[in-house]
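Q: Structure below; questions to follow.
The values are calculated or read from the model by the stated rules, or taken from the named source; none is laboratory data. Quick caveat, the model's predicted, so the values are computed rather than measured. Quick reminder, even Gly has a Cβ in these numbers, built from the backbone with ideal geometry, and neighbours come from all protein chains shown.
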Amino acid sequence: MTAITNDDTPSTRNAVPPTAAGGEAAAPRLPSPTPAGRDAAAPSQANPPPGAGAFRKVTGRDWAGFLSMVVGMFMAILDIQIVSSSLSEIQAGLAASADEISWVQTSYLIAEVVMIPLSGMLARILSTRVLFTFAAAGFTLTSVACAFTSSIESMIVWRALQGFIGGAMIPTVFATSFSLFPPEKRAGVSVMIGLVATMAPTLGPTLGGWLTQSFSWHWLFLANVLPGIAVTSLVWTLVDVDKPNPALRRGFDFLGLGLMAAFLGSLEFVVEEGPRQDWFEDEYVAAFAVVAAVACVGFFWRVLTYRNPIVELRAFLDRNFAIGSLYSFIIGIGLYGAVYLQPLFLARVRGFNSLQIGTIMFVTGAFQFMSAPIAGALSKKVDLRVMLGMGLTLFGTGVWLNAQLTNQSGFWELFLPQAVRGLSLMLCFIPVNTIALGTLPPEQLKNASGLYNLMRNLGGAIGLAAINTVLIDRLALHMNRLGDNLNMARPLVQDTIDGLTAKFDGMVLDPQGAAMKTLAGIVQREALVLTFNDCLLLMAGVFFSALLLMPLVRRPGGKPAAADH
């Protein structure tokens with residue numbers, strides 16, 4: 001990637017003037033990947049040809065600091081799903097209602113969605129090192145607070161703070177990977193980031209179930225403490241990729257920040273709560289939908305007119321970034337949707353506990369891990385557009401295979417669908433990461449990385465809302481259709497009831513009533529199976545349809561597409 005400078009761009013308009021000594025420029029002036037404390041390129045060398053010294057040599061210290069950042073990102077993504085298989089235990093421990101307990105997950109997601117696009121501006125003001133250190137330390141402290149909370153209200157508050165503070169770690173890693181490493185090293189780095197970003201949500205239910213069953217739900221949060229301390233210390237000591245630009249604090253767009261928080265927070269609330277509350281029939285959902293719509297208009301007006309916007313949207317003028325972000329949105333639907341649907345099926349239809357669910361879900365993570373070196377090798381030899389097409393096709397196929405559920409589906413019935421899906425995730429994530437961010441100039445990477453990661457989380461949130469809506473609507477449809485066939489005049493129905501009545505005779509006071517209740521349970525179980533299959537087929541269709549956009553993607557490589565701006 002070639003370092004590009006332009007003193008008229010919004011990101012450098014308020015930059016600190018260059019120093020007089022030796023013609024060196026301070027990092028805020030030149031958005032180059034050259035870190036503080038190293039020899040910066042002179043202005044005449046600001047645009048070297050690709051491969052001609054645009055990147056300094058990456059040292060062992062750089063690698064150690066970057067790996068510490070990757071661990072922090074893993075923790076932040078993991079904590080989205082680590083509570084998903086243990087919500088019933090947390091509910092019992094906090095004496096919460098069924099509606100209240102869902103906010104343990106929802107509050108984290110809402111807060112994280114607000115922070116992710118904000119992180120680009122904060123990284124430029126504070127520097128990557130300072131922002132990441134504060135985020136890791138704050139994430140660790142709020143994890144301790146979550147573990148020792150005694151009420152659902154305080155848990156929701158601490159989870160929101162945990163998600164907001166920890167959310168800064170996710171996009172910062174993506175931006176650093178492109179600004180620190182030269183193009184020839186990015187394939188291996190992308191494999192590592194992709195493995196972490198996709199395995200964390202997959203392993204969340206597995207690890208969460210094991211911790212809850214082996215110790216208690218408190219360890220879902222206490223497990224963050226030692227890694228969090230290590231990450232905080234190592235990042236502060238080792239990371240040195242840029243300098244802070246305090247000049248950007250002047251004219252900081254607090255109005256834009258408020259509008260963005262209102263827009264994204266309200267939108268996340270609507271898509272999370274809408275399916276459970278019959279959408280706009282609920283006054284709170286309707287009110288937040290209005291707030292989201294008004295704040296959306298205000299937010300886009302503000303960022304398009306203010307001289308120093310809270311989020312820089314011009315990255316979307318790059319066609320690859322725009323399409324790559326859309327693919328990130330689609331991957332978010334599949335990544336979070338599959339991790340949500342399968343544990344829900346295993347709990348509601350099969351009655352498995354959190355540890356049993358986690359054991360089955362581990363298959364996807366295992367195949368993701370095994371596919372990492374294959375995906376890394378392919379990314380160096382195959383056109384990334386072809387690789388992405390392969391990944392989308394495999395993911396759609398894996399979800400389609402998963403849509404053959406029965407009331408007896410267990411580990412081995414779900415093994416092949418999970419294996420195919422696990423193999424596909426790295427084939428999706430690595431190319432779309434490079435396609436979206438690989439053609440952008442360095443000064444746009446921090447903001448663009450936040451937008452790119454935001455799209456994946458929004459894809460997950462909106463995808464889950466759509467899944468829950470389909471679950472509710474299709475379950476009612478299948479219940480009505482199956483119920484219509486339970487005609488007492490049919491010999492098969494009457495024989496079933498007679499058989500169940502004879503089975504319960506002498507065991508309960510009302511054998512026929514027990515027989516009718518058992519039959520109703522069977523009908524509901526089969527309706528649930530059909531409903532889960534419908535959702536999975538719909539998700540597979542989304543991934544197969546995404547292939548239609550592939551002809552629009554340019555092949556990433558060479559110089560950044562500065563001409564597009």
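Q: Taking the residues in the stretch 507-545 that are more than 20 Å from A476 (Cβ to Cβ) and among the aromatic types (F, W, Y) as candidates, determine which candidate is surrounded by the fewest Cβ atoms within 10 Å (Cβ to Cβ).
A: Ranking the candidates gives F544 first.
Q: Could you tell me how many of the residues in the stretch 387-417 are free of Cβ contacts under 8 Å to residues at least 60 places away in the same chain and part of a helix (DSSP H, G or I)? Let's see the steps before the verdict.
A: The initial filter retains those residues of the stretch 387-417 that are free of Cβ contacts under 8 Å to residues at least 60 places away in the same chain, namely 387, 390-391, 394, 398, 401, 408, 411-413, 415-417.
Going one step further and asking which of them are part of a helix (DSSP H, G or I), we end up with 387, 390-391, 394, 398, 401, 411-413, 415-417.
Number of matching residues: 12.
Q: Among the residues that make up the stretch 245-253, is at least one of them hydrophobic (A, V, I, L, M, F, W, C), in the same structural domain as A123 (by TED's automatic domain parsing) and touching an Asp or Glu at 6+ places or on another chain (Cβ under 6 Å)?
A: No, the stretch 245-253 contains no residue that is hydrophobic (A, V, I, L, M, F, W, C), in the same structural domain as A123 (by TED's automatic domain parsing) and touching an Asp or Glu at 6+ places or on another chain (Cβ under 6 Å).
Q: Any idea which residue in the stretch 435-450 is surrounded by the fewest Cβ atoms within 10 Å (Cβ to Cβ), counting only those that are touching a Gly at 6+ places or on another chain (Cβ under 8 Å) and part of a helix (DSSP H, G or I)?
A: At the first step, the residues of the stretch 435-450 found to be touching a Gly at 6+ places or on another chain (Cβ under 8 Å) are 435-438, 446-450.
Checking the rest, the ones that are also part of a helix (DSSP H, G or I) come to 435-437, 446-450.
Numbers: I435: 24, A436: 28, L437: 28, K446: 27, N447: 28, A448: 29, S449: 30, G450: 29.
That would be I435.
Q: Condition check: outside the structural domain of F299 (by TED's automatic domain parsing) and touching a Leu at 6+ places or on another chain (Cβ under 6 Å). Does T198 satisfy that? Break it down into steps so the answer makes sense when it comes.
A: Working: outside the structural domain of F299 (by TED's automatic domain parsing): yes; touching a Leu at 6+ places or on another chain (Cβ under 6 Å): yes.
So T198 fits the description; yes.
Q: Please identify the pairs in which a residue from the stretch 375-386 that is outside the structural domain of P551 (by TED's automatic domain parsing) has its Cβ atom under 8 Å from the Cβ atom of a residue that is not hydrophobic (A, V, I, L, M, F, W, C), counting only partners at least 6 apart or on another chain.
A: Short answer, once both residue conditions are applied: none.
Q: Still on this structure, please answer the following. Give the residues of the stretch 209-227 that are within 29 Å of P373 (Cβ to Cβ), modelled with pLDDT of 85 or more and not hydrophobic (A, V, I, L, M, F, W, C), sorted by residue number.
A: N224, P227
Q: Would you check which residues across the stretch 316-368 are of a type outside the set (A, V, I, L, M) and in contact with a Gly (Cβ under 6 Å, 6 or more places away or on another chain) and list them? Spell out the reasoning first.
A: Residues of the stretch 316-368 of a type outside the set (A, V, I, L, M): 316, 318-321, 324-325, 327-329, 332, 334, 336-337, 340, 342-343, 345, 348, 350-354, 356, 358-359, 362, 364-365, 367-368.
F329, G332, Y336, G337, S354, G358, T364, F367, Q368, listed by residue number.
Q: Within the stretch 404-434, work out how many residues are surrounded by fewer than 18 Cβ atoms within 10 Å (Cβ to Cβ) and among the small types (G, A, S). First the steps, then the outcome.
A: Of all residues in the stretch 404-434, those surrounded by fewer than 18 Cβ atoms within 10 Å (Cβ to Cβ) come to 404, 406-408, 410-413, 415-416.
Restricting the remaining residues to those that are among the small types (G, A, S) gives 410.
Of the residues in the stretch 404-434, 1 are surrounded by fewer than 18 Cβ atoms within 10 Å (Cβ to Cβ) and among the small types (G, A, S).
Q: In addition: Return yes when I330 is in contact with a Phe, Trp or Tyr (Cβ under 9 Å, 6 or more places away or on another chain) and touching a residue at least 24 places away in the same chain (Cβ under 8 Å) and no when it is not. Step through it out loud before you land on a result.
A: Working: in contact with a Phe, Trp or Tyr (Cβ under 9 Å, 6 or more places away or on another chain): yes; touching a residue at least 24 places away in the same chain (Cβ under 8 Å): yes.
Judged against the criteria, I330 is a match.
Q: For the stretch 463-497, which positions are in a helix (DSSP H, G or I) and farther than 23 Å from L528 by Cβ? So that I can check it myself, show each step before the final result.
A: Residues of the stretch 463-497 that are in a helix (DSSP H, G or I), as a first pass: 463-484, 491-497.
Across the stretch 463-497, the qualifying residues are P491, Q494, D495.
Q: Being buried (at least 18 other Cβ atoms within 10 Å of the Cβ), closer than 28 Å to S88 by Cβ and in contact with a Phe, Trp or Tyr (Cβ under 7 Å, 6 or more places away or on another chain): is that true of F269 here?
A: Working: buried (at least 18 other Cβ atoms within 10 Å of the Cβ): yes; closer than 28 Å to S88 by Cβ: yes; in contact with a Phe, Trp or Tyr (Cβ under 7 Å, 6 or more places away or on another chain): yes.
Yes, satisfied.
Q: How many residues are among the aliphatic types (A, V, I, L, M), surrounded by fewer than 22 Cβ atoms within 10 Å (Cβ to Cβ) and within 26 Å of the chain's Cα centre (by Cα) if we restrict to the stretch 240-266? Talk me through it step by step, then tell me what you get.
A: First, pick out the residues of the stretch 240-266 that are among the aliphatic types (A, V, I, L, M): 241, 247-248, 255, 257, 259-262, 264.
Still in the list and also surrounded by fewer than 22 Cβ atoms within 10 Å (Cβ to Cβ): 247-248, 255, 257, 261-262.
In the following step, the residues that additionally are within 26 Å of the chain's Cα centre (by Cα) were identified as 257, 261-262.
Matching residues across the stretch 240-266 total 3.
Q: Quick check: anything in the stretch 221-238 in contact with a Cys (Cβ under 8 Å, 6 or more places away or on another chain), part of a helix (DSSP H, G or I), assigned by TED's automatic domain parsing to the domain that holds V114 and farther than 30 Å from F280 by Cα? Steps first, please.
A: Step one: of the stretch 221-238, the residues in contact with a Cys (Cβ under 8 Å, 6 or more places away or on another chain) are 221.
This time we only want the ones that are part of a helix (DSSP H, G or I), so: 221.
Restricting the remaining residues to those that are assigned by TED's automatic domain parsing to the domain that holds V114 gives 221.
Next, from what is left, pick out any that are farther than 30 Å from F280 by Cα: 221.
Yes: the stretch 221-238 contains one or more residues that are in contact with a Cys (Cβ under 8 Å, 6 or more places away or on another chain), part of a helix (DSSP H, G or I), assigned by TED's automatic domain parsing to the domain that holds V114 and farther than 30 Å from F280 by Cα.
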